[in-house]
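Just below is one structure, and these are the notes that go with it.
The values are calculated or read from the model by the stated rules, or taken from the named source; none is laboratory data. Computed from a prediction, not measured in an experiment: that's the story for all the values here. As a convention, Cβ positions derive from the backbone with ideal geometry for all residues, glycine included, and neighbour counts pool all protein chains shown.
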Amino acid sequence: MERKPSVVGLTVYVTNYEASVLLAKAIKRVAPHVIVVFGRPTPSVQATNILQNIEEVDRHIKDYLDKFPSPYLSGILPVTNNAGVLTARGCNQNCTYCNCAVLSSRSILTHSVDRVIDELEYISQAGMPPNEEIQIFDDAFTHHF
Ligand code: SF4
């Protein structure tokens, strides 16, 4: 907590679940404004249970998309005026006029925070003109995890 983070992410397995919950409670006790995120195996299959019963956990992350290489970081895609990033793919809503939820089986997969930051830094340092906006291409960026 020395670094005064705004978000703390924990990798949560069955084996460290109890310790993770205790840590989340301790974090919230000393810094209630910090967003606590549980990620990886246990939250992937017990998200609803965790979010409903552990009030100190604000978000869960089901799985990462990072297994797919970044088109920018791998040098495939040049940075242009309309460069942008995906922080997640898919949508779990069900708007009748949109096929996104059907195509993603109503699931959302995310990139890690590190991957998104790496891409943003790369784009900003790779010739993105000043005052240009970096676009967010997510299907449902405002979804509340
Ligand atoms: S992407 Fe947007 S419009 Fe489409 S289902 Fe999700 S919330 Fe609805």
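Tell me whether the range 38-46 contains one or more residues that are among the basic types (K, R), in contact (Cβ under 8 Å) with a residue 24 or more places away in the chain and in a helix (DSSP H, G or I).
Kept after step one, since they are among the basic types (K, R), are these residues of the range 38-46: 40.
Those left that are additionally in contact (Cβ under 8 Å) with a residue 24 or more places away in the chain: 40.
After this cut, where a residue has to be in a helix (DSSP H, G or I) as well, the list is none.
Checked against the condition, which is being among the basic types (K, R), in contact (Cβ under 8 Å) with a residue 24 or more places away in the chain and in a helix (DSSP H, G or I), the range 38-46 yields no hits at all.
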- Task: Sort through A126, A140, A83 and tell me the only one that's aliphatic (A, V, I, L, M) and touching a helix residue (DSSP H, G or I) at 6+ places or on another chain (Cβ under 7 Å).
- Result: A83
- Message: Please determine whether any residue of the range 107-114 is among the charged types (D, E, K, R) and not in a loop (DSSP other than H, G, I, E, B).
- Response: yes
- Query: Can you tell which of L65, L103, L86, L73 is touching a strand residue (DSSP E or B) at 6+ places or on another chain (Cβ under 7 Å) and aliphatic (A, V, I, L, M)?
  - Reply: L65
- When the range 53-83 is examined, which residues are found to be modelled with pLDDT under 85 and over 30 Å from A126 (Cα atoms)? R59, H60, K62
- Do any residues in the range 63-92 that are in contact (Cβ under 8 Å) with a residue 12 or more places away in the chain have Cβ atoms under 8 Å from those of residues that are among the basic types (K, R) and within 16 Å of the ligand (Cβ to nearest atom), where the two are at least six apart or on different chains, and which pairs are they? L65/R89; G90/R106; C91/R106; N92/R106
- Note: among L120, L86, L109, just one is surrounded by 15 or more Cβ atoms within 10 Å (Cβ to Cβ), within 23 Å of Q135 (Cα to Cα), modelled with pLDDT of 90 or more and within 16 Å of the ligand (Cβ to nearest atom), namely L86
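Residue-by-condition table, conditions (1) under 15 Å from G9 (Cβ atoms); (2) not small (G, A, S):
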{"position": "Q52", "(1), (2)": "no, yes"}
{"position": "S74", "(1), (2)": "no, no"}
{"position": "P78", "(1), (2)": "no, yes"}
{"position": "N92", "(1), (2)": "no, yes"}
{"position": "N99", "(1), (2)": "no, yes"}
{"position": "R106", "(1), (2)": "no, yes"}
{"position": "S112", "(1), (2)": "yes, no"}
{"position": "Q135", "(1), (2)": "no, yes"}
